[in-house]
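Chemist: After the structure tokens below, expect a handful of questions from me.
The values are calculated or read from the model by the stated rules, or taken from the named source; none is laboratory data. Here the structure is a predicted model, which is why all the values come from computation and not from measurement. Heads up, the Cβs are rebuilt from the backbone with ideal geometry, glycines too, and the neighbour counts pull from every protein chain shown. Note: areas computed on protein heavy atoms with side chains; ligands, DNA, RNA excluded. Shrake-Rupley method; radii C 1.70, N 1.55, O 1.52, S 1.80 Å.
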Amino acid sequence: DSGVTQTPKHLITATGQRVTLRCSPRSGDLSVYWYQQSLDQGLQFLIQYYNGEERAKGNILERFSAQQFPDLHSELNLSSLELGDSALYFCASSAKTGQHTDTQYFGPGTRLTVL
Amino acid sequence: AQSVTQLDSQVPVFEEAPVELRCNYSSSVSVYLFWYVQYPNQGLQLLLKYLSGSTLVKGINGFEAEFNKSQTSFHLRKPSVHISDTAEYFCAVGGRGSTLGRLYFGRGTQLTVWP
């Protein structure tokens, strides 16, 4: 158990809908990262937050957005869902702002299925 | 930009045999390298990481990896595998500069250990 929790574990929804994925980092970790794992693209970095502020953006679609709240949990919002958004979404956390010396601890993921 | 190539998508081996999972990276700057393991229905767990110093890195569960700058490789090895090592293994390179903190993953290698 990494200490990172993600809810829900599974999510099934229809095209055009909007969903919210939730992540609670390890106790004391300030950085949260979101990754998408799909058969087409593999594991891809989406976005990083540090202590409530966006720090880095990767291959995140405009239909997707995220935020980190004062209690440090994070939410990833996916809207106007398409079939191709079906994937496993991972959240990871680390202690600091993404220094290379920090290990990223991954949660168990949320499997999103868009029908 | 950084990228990672895992040369084998699947590696089948018998129990107690040695194994090597190959990883090559490309980067215009010095890198930080990682190996993660993903067991079925779980998140990613860090096996080991190379930041600097000794090119031979030892990780958990008896795994080790060797950083070879001239060949831009970071191959993962274990002298004797167990059934419980069956999992997917991901090589990743850590971003530098403006991409500091994010990880760039390879497509993964499925290691299957047979009795």
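Chemist: Using a Cα-Cα cut-off of under 25 Å, which lysines could be cross-linked to B:Lys58, ignoring same-chain neighbours fewer than 8 residues away?
Modeler: Here the lysines satisfying the reach criterion relative to B:Lys58 are A:Lys96, B:Lys49, B:Lys69, B:Lys78.
Chemist: Let me ask you something else. With heavy atoms of protein chains only and a 1.4 Å probe, what residues of the range A:38-58 have at least 40 Å² less accessible area in the full set of chains than alone?
Modeler: Buried by the other chains: A:Leu43, A:Phe45.
Chemist: Here's another thing I want to ask about it. Considering only the other residues whose Cβ falls under 15 Å of the Cβ of A:Gln37, what net charge follows from Lys and Arg at +1 and Asp and Glu at -1?
Modeler: My count for the surroundings of A:Gln37 gives +1.
Chemist: Now, a different point. Count charges around B:Leu111 for me, please; just the other residues with Cβ under 11 Å from its Cβ, Lys/Arg as +1, Asp/Glu as -1. Write out the running numbers ahead of the final one.
Modeler: Numbers: positive: B:Lys78; negative: B:Asp8, B:Glu20, B:Asp85, B:Glu88.
Result for the local shell: -3.
Chemist: Probe of 1.4 angstrom, ligands and nucleic acids ignored: what's the accessible area per residue over chain B, in square angstrom?
Modeler: Working: 5500 Å² over 115 residues.
Ligands and nucleic acids excluded, the figure is 48 Å² per residue.
Chemist: If you don't mind, another one. Let me cross-check A:His10: its accessible surface, 1.4 Å probe, with only protein heavy atoms counted, in Å² to the nearest 10?
Modeler: Solvent-accessible area, nearest 10 Å²: 120 Å².
Chemist: Rounded to a whole number, what % of the accessible area of the protein assembly as shown do carbon and sulfur atoms account for, probe 1.4 Å? Write down the numbers at each step before the final one.
Modeler: Details: 5370 of 10910 Å².
Carbon with sulfur: 49 percent of the solvent-accessible area.
Chemist: Which of the GluC sites (Glu not before Pro) across the range B:1-53 are loop residues per DSSP, with 16 or fewer other Cβ within 10 Å? Show your work: numbers first, answer last.
Modeler: Values: sites: B:Glu15, B:Glu16, B:Glu20; in loops: B:Glu15, B:Glu16.
Passing sites in the range B:1-53 are B:Glu15, B:Glu16.
Chemist: Now for a separate question. If you find the alpha carbon centre of the range A:53-115 and of the range B:1-33, how far apart are they in angstrom?
Modeler: 25
Chemist: Within a Cβ distance under 15 Å of A:Ser24, other residues only, what is the Lys/Arg minus Asp/Glu net charge?
Modeler: On the way: positive: A:Lys9, A:Arg22, A:Arg26; negative: A:Asp1, A:Asp29, A:Asp71, A:Glu75.
Computed value for this residue: -1.
Chemist: Quick one: ranking A:Tyr35, B:Tyr104, B:Tyr25 by accessible area, 1.4 Å probe, largest first, what do you get?
Modeler: Numbers: A:Tyr35 0, B:Tyr104 60, B:Tyr25 20 Å².
From most accessible down to least: B:Tyr104, B:Tyr25, A:Tyr35.
Chemist: In whole Hz and in residue order, list the ³J(HN,Hα) couplings for the range B:14-23 that follow from phi through the Karplus curve 6.51 cos²θ - 1.76 cosθ + 1.60, θ = phi - 60°; x for Gly and Pro.
Modeler: Per residue, the Karplus-derived 3J(HN,Hα) values read 8, 4, 6, 7, x, 9, 9, 10, 9, 9 Hz.
Chemist: What is the interface area between chains B and A, defined as buried accessible area summed over both chains with a 1.4 Å probe, reported in Å² to the nearest 100?
Modeler: Values: alone 6350 and 6230 Å², together 10910 Å².
Chains B and A together bury roughly 1700 Å² of accessible area.
Chemist: Further question: How shielded is B:45-54 by partner chains, expressed as the average number of their Cβ atoms within 10 Å of its Cβ atoms? Show your work: numbers first, answer last.
Modeler: Numbers: counts 4, 5, 0, 0, 3, 0, 2, 2, 0, 0.
The mean count of partner-chain Cβ atoms within 10 Å per residue comes to 2.
Chemist: Place +1 on the Cβ of every Lys and Arg and -1 on the Cβ of every Asp and Glu in chain A, take the dipole about the Cα centre, and give the residue among A:Leu43, A:Leu21, A:Ala56 whose Cα lies farthest towards its positive end.
Modeler: A:Leu21
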